[in-house]
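Worksheet: the structure to be examined is printed underneath.
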There are 2 protein chains.
Amino acid sequence: MIRHTVAFSLKHASGSAAERDFLQAACELVKIEGVQKFECLRQTSLKNSFTFGLSMGFADEAAYAFYCSHPDHTAFVKQRWIPEVVEFMELDYVAHAP
Amino acid sequence: MIRHTVAFSLKHASGSAAERDFLQAACELVKIEGVQKFECLRQTSLKNSFTFGLSMGFADEAAYAFYCSHPDHTAFVKQRWIPEVVEFMELDYVAHAP
């Protein structure tokens, strides 16, 4: 399984209705086919400046690619992510047995 | 639950014995009391420069603090992490219901 994560911060005030509305819209991404283990997260470490996170799993690269190019995802990126996110970092993980 | 994660890159060559030895030593951290859901991960996104990740869960802040100050953890940081890691980013997450 591929775990796709993104840590991010919003331009909205903490606890604002705009913040909540963005996060609720982000949670709609769970409906895209192939998205598993969707999580909306708050980032709590003081060692970085991100305030939220999203995490989701995909069975394989094909499912991940399907999500990335899905019109609901690309519309969310264009209409919400780009205008409302001030900084972000994507990290993707697969299990590794050393 | 608090999910403590760190993305990192090593100074060792990819696939080297030194790389494997470091990761195996990191996996010993699972033995510290309170560590749950320990995962050794490979970072696969091309949108950042990190090559590995560790993820673990703690029931609460007290369990997380116990881990941070545990002598096995502080010894690992001093003897392995600082000498062998070239870059890293810590991200901690808790569930967030918008």
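The values are calculated or read from the model by the stated rules, or taken from the named source; none is laboratory data. Fair warning: this is a prediction, and the values are worked out from it, not measured in the lab. A quick note on method: Cβ atoms are made from the backbone with ideal geometry, for glycine too, and the neighbour counts reach across all protein chains shown. Surface accessibility is based on the protein's heavy atoms, side chains included, excluding ligands, DNA and RNA. Shrake-Rupley method; radii C 1.70, N 1.55, O 1.52, S 1.80 Å.
In whole Å, what are the extents of the stretch B:36-93 along the principal axes defined by its C-alpha atoms, from largest to smallest?
The Cα atoms of the stretch B:36-93 stretch 35, 26, 15 Å along the principal axes, largest first.
Any chance you could check the stretch A:43-68 for residues losing 30 Å² or more of accessible area when the partner protein chains are in, compared with the chain on its own (1.4 Å probe)?
With the partner chains in place, the stretch A:43-68 has these residues losing at least 30 Å²: A:Gln43, A:Thr44, A:Ser45, A:Lys47, A:Asn48.
Where the Cα atoms of chain B are projected onto their three principal axes, how long is each span, largest first, in whole Å?
The principal-axis extents, from largest down, are 38, 35, 18 Å.
Taking 20 Å² as the minimum loss, tell me which residues in the stretch A:76-98 lose that much accessible area going from the chain by itself to the full protein complex (1.4 Å probe).
Buried on complex formation: A:Met89, A:Glu90, A:Leu91, A:Asp92, A:Tyr93, A:Val94, A:His96, A:Pro98.
Pairs of lysines 8 or more apart, or on different chains, with alpha carbons under 24 Å: count those in chain B, would you?
Eligible lysine pairs with Cα atoms under 24 Å apart amount to 4.
Which whole-number percent of Cα pairs in the stretch A:13-59 have a distance greater than 13 Å?
Beyond 13 Å sits 61 percent of the P(r) for the stretch A:13-59.
So how tilted is helix A:17-27 from the main axis of chain A? Cα-based, degrees 0 to 90, rounded to 10.
Between helix and principal axis, roughly 10 degrees.
Please report, in debye to the nearest 20, how large the charge dipole of chain A is about its Cα centre when each Lys and Arg carries +1 at its beta carbon and each Asp and Glu carries -1 there.
Taking the Cα centre of chain A as origin, the dipole is about 280 debye.
Solvent-accessible area of B:Lys11, probe 1.4 Å, all protein chains present, reported in Å² to the nearest ten, please.
The value for B:Lys11 is about 130 Å².
On the accessible surface of chain B, probed at 1.4 Å, how many percent belong to carbon and sulfur atoms?
56
Determine the total buried accessible area between chain B and chain A, counting protein heavy atoms only with a 1.4 Å probe; round to the nearest 100 Å².
2700
Counting only heavy atoms of protein chains, what accessible area per residue, in Å², does chain B have with a probe of 1.4 Å?
Using a 1.4 Å probe on heavy atoms only, each residue of chain B averages 51 Å².
Taking all pairs of distinct Cα atoms, average 1/r, flip it, and tell me the Kirkwood hydrodynamic radius of the protein assembly as shown in Å to one decimal place.
Its Kirkwood hydrodynamic radius stands at 17.8 Å.
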